[in-house]
Amino acid sequence: GQGQSTPFMLEKKGWRKANKPVVAFGEKSSDPQFLSHSSQILQNICVKLYIMSFLTPKELIYLGSTNHYWRITVQDPLLWRYFLIRDLPSWNSIDWESLPDAKIFNQAFVELDDISPCNFMAVYKKCCSFHKRFLKPNRTTYSAMSSFLQSLITQTEPCFAMFGPGLEDLDQSLVYTMMTSPDILPLAGMPSRQIQGIGSGVTFNLNGQNFNIQTLYSKTRKERQRDKADTNSINKMFYEVSNVDGTTQYKLIEHVQNVCRLADGFIYVADAEDHKRHNRQIEFARMSAMLDPTLGPSGRPLLVLSCISCASKERIPCVYLAHQLQLNLLDRPWMVQDIEAASLVGLLDGIQWLLEHVKH
């Protein structure tokens, strides 16, 4: 219809620049017959792109496999950039290998073309949800039997340090839901002693594998209840050090350092509710202190739980959250997984990823 448009149609100038008609040497580009022919070609291509925008990326890939002409046509960069920007908010996980560059959705197409050509189709196929599901191998009878046999062997129980503002700032407690949902995540051990009043450890079981989570809070329970509305209250896990250049650096207290030395991986619980204000710079600084390579192997995996209280809350898409937390600067495997504290939707996918990336 006349009232409908797609982003690539609004960027027609960018398409013209990226797909200039070739003018033979000596031929005047002001020739009316040539301009009319070029305009007709451009119009036909724009119509095709508009029609293809209503297809799914999977259908486009199938269309491109029919013949050489369609294989070239379906690779149009404007079309796939449109799909990227449209579908980014719906992806529920992203990792260090598939995170798209922020300039893809922060800069105009013409600016991107001026800097360096980008294969948007390859970027989409690399990081979209359906592609990752297709790449995931099916669970065979052999692998199921292997998991059963491995469960009969005494294994080292991996330990993860869990921390972050999402543990304390949400209306629904993630830890409480985890502790009271044996049908989703069975308990395999009672909570251990508290860590200086700001944390404790609990052992869970997933698919026959026991693992321990050491939960670290910014302060004691009484202090958290008292200061719930105060976003500027002191975080007892860290102390601040002023550098000579005037910047502030966060350091861990000794007991938290000991937890980090023993951890096989980390779980950062981020508050992903869109209606709140978040200081991601401070979050990144504190996360960097927890991931200090002097406290253990630098390759230990990081799982970021992009957490909201319940499904009714508007969330920040995980791709945007990954850039806000500057996860692309981390030199270790990481993954961002959308979850809901009230139902634990998405949690098991994240825990499974973490267990698979732990090296004993």
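Observations
- Peptides 95-101, 266-272, 81-87 ordered by packing proxy, namely the average of other Cβ atoms within 10 Å per residue, highest first: 266-272, 81-87, 95-101.
- Ordering of 334-347, 64-77 by packing is 334-347, 64-77, highest average first (other Cβ atoms within 10 Å, averaged per residue).
- Over segment 256-342, accessible surface divided per residue gives 38 Å², non-protein components excluded, 1.4 Å probe.
- Residue-by-residue Karplus 3J(HN,Hα) for segment 274-280, coefficients 6.51, -1.76, 1.60, Hz, glycine and proline x: 6, 7, 9, 9, 10, 9, 5
- Pairwise centroid distance, computed over Cα atoms, of segment 83-97 with segment 284-314, Å: 19 Å
- Prolate/oblate/rounded call for segment 261-360, Cα gyration tensor, a/c under 1.5 rounded: oblate
- Above-threshold pairs, the threshold being 20 Å between Cα atoms, out of Lys276/Lys313; Lys103/Lys126; Lys58/Lys126; Lys236/Lys276: Lys236/Lys276
- Relative packing of peptides 288-297, 161-170, 206-215 - highest average C-beta neighbours within 10 Å first: 161-170, 206-215, 288-297
- Protein heavy-atom accessible surface, 1.4 Å probe, per residue over segment 58-106: 50 Å².
- Potential extension, Asn207-Glu314 segment - 0.36 nm per residue separation minus Cα distance: 35.4 nm
- For segment 243-360, the fraction of 1.4 Å probe accessible surface lying on carbon and sulfur atoms is 50 percent.
The values are calculated or read from the model by the stated rules, or taken from the named source; none is laboratory data. Model, not experiment: these values are computed from the prediction. In this analysis, Cβ positions are derived from the backbone assuming ideal geometry, glycine residues included, and neighbour counts consider all displayed protein chains. Accessible surface areas use protein heavy atoms only, side chains included; no ligands, DNA or RNA. Shrake-Rupley method; radii C 1.70, N 1.55, O 1.52, S 1.80 Å.
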